[in-house]
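See below for the structure under consideration.
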Amino acid sequence: MSSFTPVPSLLGGILIGLAAGLLWLSGGQIAGISGIVGGLLSRWGQAALWRVAFLAGALFVAGLVLGAP
């Protein structure tokens, strides 16, 4: 580990906590990747839209915003 970055790490943790809390408060869903993917694979319906959006944000959009190579 070559660099210690407490501020970006803290901000990332805060954003994850806010997203998980918002998902729980708005839809009663717990933000766990395995549960989201499992629900997406087992049933495709109205709930699929937020699951796809959550996974896209977690996997792709966050990396683009943060400038990951």
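For this structure, a couple of remarks:
- Across segment 53-60, coupling constants 3J(HN,Hα) worked out from phi with the 6.51/-1.76/1.60 Karplus curve, θ = phi - 60°, read 5, 5, 5, 4, x, 5, 8, 10 Hz, and Gly and Pro carry x.
- Largest first, the extents of the alpha carbon coordinates of the chain on the three principal axes equal 44, 27, 19 Å.
- Among the chymotrypsin sites (Phe, Trp or Tyr not before Pro) in the chain, those located in a DSSP loop and surrounded by at most 14 other Cβ atoms within 10 Å of their own Cβ are Phe4, Trp44.
- The label point for Gln46 and the one for Leu23, both projected 7 Å from the Cα toward the Cβ, are 2.0 nm apart.
Values in this text are rule-based calculations from the coordinates and carry no lab data. This structure is a prediction, so every number in the text was calculated from the model and none was measured. Cβ atoms come from the backbone with ideal geometry, glycine included; neighbour counts cover every protein chain shown.
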